[in-house]
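The block underneath contains the structure these notes are about, expressed in structure tokens.
The values are calculated or read from the model by the stated rules, or taken from the named source; none is laboratory data. From a predicted model like this one, the values you see are computed outputs, not experimental measurements. All Cβ positions, even for glycine, are placed from backbone atoms using ideal geometry, and neighbour counts span all protein chains on display. Surface accessibility is based on the protein's heavy atoms, side chains included, excluding ligands, DNA and RNA. Shrake-Rupley method; radii C 1.70, N 1.55, O 1.52, S 1.80 Å.
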Amino acid sequence: MSHHIISRSVINRLPRYYRFLEDLEEAGMIRISSADLSARMGVTASQIRQDLNCFGGFGQQGYGYNIASLKNEIGKILQLEEKKKIIVVGLGNLGKAVANHIHFEEKGYELVALFDCKESLIGQTVNGFPIQNIDSLDDFCREVKPQAAVLCIPKEAAESLAYQMIKLGIHGFLNFSHYDLSLSYPNVVVENVHFGDQLMILSYRIHNRENP
């Protein structure tokens, strides 16, 4: 089935399925029913079956799902085996945390470089990578050809820098810049991440927790 017709909501649930299945596999479990997976995840069994049926199903009636096999199939759908080169731009506190603590290699990426414009940061090492001057970005991209970038930069710099990187061949962005990037280029993908939005949602849900 062509993946372009799969709804965004289904795609958004796949990493959560993968994470739960990974935990179950590490716990030594071999198989699981959609009902049991539903109880663990707080997603209806019907929703799980509908989501997985978008990609062919994978389960057997009366047997359920083989955990390792299903995890691997979801990993293939998410293209986790095809490592994409990624850079981090902006090595303030958030950028350093991202570079140090996100396990890129487990999520389908190979971290290849870090960049910043602040002179006091240039040359510092984070997670084994020296922070490079942003002035060297063009030459680096032409040589190494990264496909994606994590942006941990001020919002006023996000759009112009993103367009610069698109021209250098980067076509995927994880954007933490507190600015919703909406780039008018075909085949460029942006994931805008706003911790503040999640905090406001949490505030609402705490206040209305009697009706979750």
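Brief remarks on what is shown
- Qualifying residue in the stretch 68-83 (condition: without any contact (Cβ under 8 Å) to a residue 12 or more places away in the chain and small (Gly, Ala, Ser)): yes
- Answer residue from the stretch 22-46, given it is within 22 Å of the chain's Cα centre (by Cα) and touching a residue at least 12 places away in the same chain (Cβ under 8 Å) and is surrounded by the most Cβ atoms within 10 Å (Cβ to Cβ) among those: LEU24
- Among all residues of the stretch 194-205, there is none that is hydroxyl-bearing (Ser, Thr, Tyr) and either in contact with a strand residue (DSSP E or B) (Cβ under 8 Å, 6 or more places away or on another chain) or touching a residue at least 24 places away in the same chain (Cβ under 8 Å) (or both).
For every residue, the table says whether it meets (1) within 22 Å of LEU151 (Cα to Cα); (2) in contact with a helix residue (DSSP H, G or I) (Cβ under 9 Å, 6 or more places away or on another chain); (3) part of a loop (DSSP other than H, G, I, E, B); (4) at pLDDT below 95.
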site: GLY28; (1), (2), (3), (4): no, no, yes, no
site: SER38; (1), (2), (3), (4): no, yes, no, yes
site: GLN47; (1), (2), (3), (4): no, yes, no, yes
site: LEU80; (1), (2), (3), (4): yes, yes, yes, yes
site: ILE87; (1), (2), (3), (4): yes, yes, no, no
site: GLY95; (1), (2), (3), (4): yes, no, no, no
site: LEU114; (1), (2), (3), (4): yes, yes, no, no
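- Looking across the stretch 1-17, the residues that are open to solvent by 40 Å² or more (accessible area, probe 1.4 Å), out of contact with any Phe, Trp or Tyr (no Cβ under 9 Å at 6 or more places or on another chain) and not aliphatic (A, V, I, L, M) come down to SER2, HIS4, SER7, ARG8, SER9, ASN12, ARG13, PRO15, ARG16.
- Pairs where the first residue, in the stretch 172-183, is on the phi > 0 side of the Ramachandran plot and the second is open to solvent by less than 60 Å² (accessible area, probe 1.4 Å) and at pLDDT 85 or above, C-beta under 8 Å, 6+ apart: HIS178/HIS194; HIS178/GLY196
- All positions within the stretch 167-200 that are open to solvent by less than 90 Å² (accessible area, probe 1.4 Å), at pLDDT below 90 and of a type in the set (A, V, I, L, M, F, W, C): LEU181, LEU183
- Among the candidates GLU143, GLU156, GLU105, GLU119, the residue that is open to solvent by 20 Å² or more (accessible area, probe 1.4 Å), assigned to a loop (DSSP other than H, G, I, E, B) and out of contact with any strand residue (DSSP E or B) (no Cβ under 7 Å at 6 or more places or on another chain) is uniquely GLU119.
- Scanning the stretch 162-211 for residues being aliphatic (A, V, I, L, M), under 15 Å from ILE86 (Cα atoms) and touching a helix residue (DSSP H, G or I) at 6+ places or on another chain (Cβ under 9 Å) gives a total of 6.
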